[in-house]
Amino acid sequence: MQVVKTISEMQKISLNLKREGKSIAVVPTMGYLHEGHLNLIDKARSAADIVVMTLFVNPTQFAPNEDFGKYPRDFERDRLLAAQQGADYLFAPEINEMYPKGYSTVIKIGQIASVIEGASRPGHFEGVAMIVAKLFNSVLPDYAVFGQKDYQQTLVIKQLVSDLNFPVHIIVAPTVREADGLAMSSRNSYLSREERSSGSILFVALQEALKAIENGTRDRKILNAIMLKELRSVQAIRVDYACAAHALTLDQPPEFISGEPVVLLISCWLGKTRLIDNALTTIPGQGIKKLFVEGI
Ligand code: AMP
């Protein structure tokens, strides 16, 4: 696996690969790799000839009061893991390479980026959109693989790709979980032992709401209340949001109808660590084919 540090070198490599008729899949990450990230490499591998993992802790997607400074970093470990998993290139630029002095453009996404997670983290998705656009222009991929773990992010990126006509096919890979259901995350390394043992409550809350949908609940507020009740069974938890929404538009109607794709989205704080998770389903009904199943 070759490590690439500059945009111009990455573009040169990608253009040469394309001339040879090779397809390229990119896997954008902020590093501190875990099995969730490594599974994205496998997905990329099955989509394209060449896999480029990117490693960049993107300052523009962190608010000033967030954890950019203490975000876990271990380049050597990440390099070994990405190579072992079969990535062909690791694009790992420095901050000045991506955001040189004088850099001033912003991308504004609109509605899909301003609700739920976007409302909790103003500016976050604009930072995500900017770095993803810059990574696409650096790697020139045919495919880009993202995790369902950051569900709203996948919607934002699809909006970006559609609105700016990036010739990139977006692949969404299922959330990889610990044995107790906690979604893997680089931020899980912040959790104390006690917090870690409570971490599975997000998964439990999602499962309870999914069960309620299977059993006929259609009322959005009732679904939200089911998740909240479960989450609040852990005393140390502070819920940021727990809400059901239309899975494509993130609209929040009073009731969902048969055949509607629904996403359940949770964010909460365990001590100083902010965790997010989600689940997808389709509201059952006669003759309704499931659009979404967890893991697709
Ligand atoms: P991050 O390094 O946290 O910015 O994540 C990089 C990519 O990995 C994003 O597309 C995430 O959605 C994805 N990802 C992170 N955690 C998981 C997980 N547990 N399962 C699947 N994908 C994940």
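The values are calculated or read from the model by the stated rules, or taken from the named source; none is laboratory data. Worth saying up front: this structure is predicted, and the values here are computed from it rather than measured. So basically every Cβ, Gly included, is an ideal-geometry build from the backbone, and we count neighbours across all protein chains shown. Keep in mind that these areas ignore ligands, DNA and RNA; they rest on the heavy atoms of the full protein, side chains included. Shrake-Rupley method; radii C 1.70, N 1.55, O 1.52, S 1.80 Å.
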- [ ] Please work out the Kirkwood hydrodynamic radius for the range 37-83, using every pair of different C-alpha atoms, and report it in angstroms with one decimal place.
- [x] 12.7 Å
Open item on the list: Check which residues have an amide H placed less than 5 Å from HIS169's amide H, if you skip close sequence neighbours.
Closed with: TYR143, ALA144
TODO: Per residue, how big is the convex hull around the C-alpha atoms of the range 162-279? Give it to me in cubic angstrom, could you?
DONE: 134 Å³
Task: Degrees separating the helix 201-214 axis from the principal Cα axis of the chain, which is the longest one - done: 60 degrees
Task: Spin-label model distance (nm) - ARG193 vs GLU35, 7 Å beyond Cα toward Cβ - done: 2.2 nm
Open item on the list: As I understand it, the value is the acute angle between the Cα axis of helix 35-47 and the longest principal axis of the Cα atoms of the chain; what does it come to in degrees, rounded to 10?
Closed with: 60 degrees
Open item on the list: Please give me, ordered by residue number, the trypsin sites (Lys or Arg not before Pro) of the range 1-103 that lie in loop per DSSP and have at most 13 other Cβ atoms within 10 Å.
Closed with: LYS5, LYS70, ARG73, LYS101
TODO: May I ask for the net charge around LEU248, where only other residues with Cβ less than 13 Å from the Cβ of LEU248 are counted and Lys, Arg are +1 while Asp, Glu are -1?
DONE: -1
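So what is the calculated 222 nm ellipticity per residue for the chain, using -39500 (n - 2.57) for each DSSP H run with n of 4 or more, over all residues, to the nearest 500 deg cm²/dmol?
Values: 10 runs with 106 residues, N = 296.
After summing the helix terms and dividing by residue count, I get -10500 deg cm²/dmol.
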- [ ] Could I have the simple spin-label model distance between LYS22 and ASP219, label points 7 Å from Cα toward Cβ, reported in nm to one decimal?
- [x] 5.8 nm
Open item on the list: How large a share of the accessible area of the chain, in percent, is made up of carbon and sulfur atoms when the probe is 1.4 Å and the other protein chains stay in place?
Closed with: 52 percent
Task: Inter-site label distance for ALA83 and THR249 at 7 Å from Cα along Cβ, in nm - done: 5.0 nm
- [ ] Would you mind pulling out the separation of the Cα centroids of the range 107-128 and the range 177-199, in Å?
- [x] 25 Å
- [ ] Give the angle, between 0 and 90 degrees and rounded to the nearest 10, that separates the Cα long axis of helix 124-139 from the longest principal axis of the Cα atoms of the chain.
- [x] 30 degrees
Task: Centroid-to-centroid separation of the range 72-99 and the range 1-23 [C-alpha atoms, Å] - done: 15 Å
TODO: Using a 1.4 angstrom probe, figure out how much accessible area the chain has per residue, in square angstrom, rounded to the nearest whole.
DONE: 47 Å²
TODO: For LYS22, list the aspartates and glutamates whose Cα falls under 16 Å from its own Cα; do not include residues on the same chain fewer than 8 positions away.
DONE: ASP49, ASP88, ASP142
Task: Value in Å of the Kirkwood radius, where the chain supplies the Cα pairs that are averaged - done: 20.0 Å
